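The values are calculated or read from the model by the stated rules, or taken from the named source; none is laboratory data. Computed from a predicted structure; not experimentally measured. Neighbour counts are summed over all protein chains in view; Cβ atoms, including those assigned to glycine, are modelled from backbone coordinates with ideal geometry. Accessible surface is based on the protein model in full, side chains and every heavy atom, while ligands, DNA and RNA are left aside. Shrake-Rupley method; radii C 1.70, N 1.55, O 1.52, S 1.80 Å.
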Amino acid sequence: MKKLLLLVFISLLITSFSDKQIKWIAIGDSITYLNEHPEEAGNRITKGYMTMVVEKLPQISYINKGYNGWTASRVAGEIEKLEIEPADIYTIFLGTNDWWGSVPLGTLKDYTENTGNKTFYGSYRIIINKLRSLNGKSDIVLITPMQRGDFVYFSNFKNNAYGSYKDKNGQSLAQFVDAVEIIGKQEKLKVVDLYNDSGITLENMVKFKRIKDQNTGQYVNLKYPEYIDKPFNPETDEYPYPVESIAMTYDGLHPSDEGYAKITGMLVEILSKLKMKN
């Protein structure tokens, strides 16, 4: 009888641990934000990476703290206003807007000496400090920026940017990726390196970019790198990324369902291990 009761107790204990919900807060920019707002992607996506992750890991529930167009610098500057809650897991997926917005990269010294949000390194220190103050036992996972092709926002053609194939004001996107890696190493945090390891590259961002030939006035479909420096006039030209051009992204920057699936696979590999530990 005692053995039976012990077995029942152990069984209930195992069940209670296996049923424990893991709370995940995802901090990011538009790539995170769009998970709850597919209509702002013109419904070119069906779900984002957070939804895909919890479909595979139902023990995890998430809160979306993605902010359209925000930099790590802005997140750090407004961190006390964002109502971030204590959680078991935090992910930080920022950096692409810091690069395009020419936020100074800074150095590891800005991180270690907590010099403020004027640099990318300093901003990460503020964010990580805040998360640790909420739950010192939480797992923090850093996600690097993706590579990016030429971006044109489908509902405002004037909102456009060239890709990570060249520097912006003397800084490369790869330097921001390296900074995330360095901070991860400094703090012994897991890093999901989308830039180098996801398989999302300049070559497969889109199948083509549709450009008006300046000599003939006819539209031509150009692959990377053929489209580099080809002029695009937001006042007169057609949108360069019709639905049939969608590949890993739907607009040269934001992931398609296929791109989000790549991100999901890398995250699930790490979060599943953290989930078991929790």
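Restricting attention to segment 40-92, the residues that are open to solvent by 20 Å² or more (accessible area, probe 1.4 Å) and out of contact with any Lys or Arg (no Cβ under 9 Å at 6 or more places or on another chain) add up to 21.
Within segment 131-157, residues that are at pLDDT 95 or above reach partners that are among the basic types (Lys, Arg) with beta carbons closer than 7 Å, at six or more positions or on different chains, in the pairs VAL141/LYS190; ASP150/LYS209. When ASP150, ASP251, ASP197, ASP237 are checked against the criterion of being open to solvent by 30 Å² or more (accessible area, probe 1.4 Å) and of a type in the set (D, E, K, R), ASP197 stands alone in meeting it. Within segment 122-139, work out how many residues are crowded, with 20+ Cβ neighbours inside 10 Å and touching a Lys or Arg at 6+ places or on another chain (Cβ under 8 Å). Here the count works out to 1. Out of segment 159-176, which residues are more than 18 Å from LEU194 (Cα to Cα) and aliphatic (A, V, I, L, M)? Within segment 159-176, just ALA161 meets the criteria.
Please verify whether TYR260 is outside any helix (DSSP H, G or I), touching a residue at least 40 places away in the same chain (Cβ under 8 Å) and buried (at least 20 other Cβ atoms within 10 Å of the Cβ), treating the condition exactly as stated. The answer is no for TYR260.
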